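Read-outs: derived from the displayed coordinates by stated rules, not from any lab. Fair warning: this is a prediction, and the values are worked out from it, not measured in the lab. Quick reminder, even Gly has a Cβ in these numbers, built from the backbone with ideal geometry, and neighbours come from all protein chains shown.
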């Protein structure tokens, strides 16, 4: 009886809000009216905490933390790790007044003989290769996207039989204006740390085998993350301006700084993410002008 009464009360309340606002409340635990036009989207707790600590006039609404950074009103939302979580967050944001989403977080750097990437470097992705499973589902549901995206043969086919992996990898891209603003700001503040590269997005943090790393090197991938591909893809699908600024936290395949093989944390790891956050905050007034 109690459950029946609860459901009746909930259904009565739902009659007074739209379906879109219901979805926003389910995902972001607040009303769509509480989301600002510029959203900062970290994935891990450490980055979220660092950004929130810098907010002025902070107000929390469910999963959303609103405030002011460098004179600009923003919403900060932790997406949690991985493409499914990032996609779910964007499904909520597309039903709000959000227009710009900037991802700031960590990525892994590809260590190899010809690589110059180091921990603490700032990575501004030129594009993201959709090695994740969530992007595939959105492509299946929205086949018109096929005509707007570049694609390549999966480089993993060079070394292994792709029984359980897609033969075609699609490529999503950030908003070019946002990307250029972040590049320009990084060049002004940390020119020696700036890296512009294509990035590979994966769902599996601990499946970065030697063959996997070598295959990515053949297509000039310098970094790996777990969210950028779906964010760029949904930016295109939902007409949101999305950019990404990342700090290199580890080097898969490196003897000393591969998270799978070592307990050692590089001293520049935290410096790098601090720099990435500062660059984003410094760029916010220029980013607001793109609204």
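Exposure proxy for 167, 111: other Cβ atoms within 10 Å of each Cβ, ordered fewest to most, give 167, 111. Does a label point 7 Å from the Cα of residue 177, set along Cα-to-beta-carbon, have any residues of segment 195-237 with amide nitrogen under 15 Å, and which are they? Inside the label zone: 236. Restricting the calculation to Cα atoms, segment 69-191 shows an Rg/Rh of 0.98 when the hydrodynamic-style radius is the Kirkwood one. In plain terms, the chain from residue 219 to residue 192 could stretch by 7.4 nm, reckoned as 0.36 nm per residue minus the Cα-Cα distance.
Based on C-alpha pairs under 8 angstrom that are at least 6 apart in sequence, segment 18-288 has a relative contact order of 26 percent. Using all pairs of distinct alpha-carbon atoms, the Kirkwood hydrodynamic radius of segment 176-284 works out to 15.4 angstrom. Mind checking which of 221, 100, 177 has the largest fluctuation in a GNM of the chain, springs on alpha carbons under 10 Å? Between 221, 100, 177, it is 177 that shows the largest mean-square fluctuation. Average projection, convex hull of the Cα set of segment 122-236: 7.5 square nanometres.
For the chain, a Gaussian network of Cα nodes joined below 10 Å ranks 219, 281, 117 by mean-square fluctuation, and the top entry is 219.
Taking 239, 53, 85 in turn, the Gaussian network model of the chain (Cα-Cα springs below 10 Å) assigns the largest fluctuation to 53. Is segment 32-71 rounded, prolate or oblate when judged by the Cα gyration tensor, a ≥ b ≥ c being the square roots of its eigenvalues, rounded requiring a/c under 1.5 and prolate requiring a/b larger than b/c? Oblate.
Here the simple spin-label model places points 7 Å from the Cα toward Cβ, and for residue 291 and residue 126 these points are separated by 3.2 nm. Spin-label pair residue 18-residue 147: with each label point 7 Å from Cα along the Cα-Cβ axis, the two points sit 2.8 nm from one another.
For segment 18-288, the Stokes-Einstein estimate of translational diffusion at 25 °C and a viscosity of 0.890 mPa s comes to 131 µm²/s, using the Kirkwood hydrodynamic radius over alpha-carbon pairs. Sorted fewest first by neighbouring Cβ atoms within 10 angstrom, 107, 65, 207 come out as 207, 65, 107.
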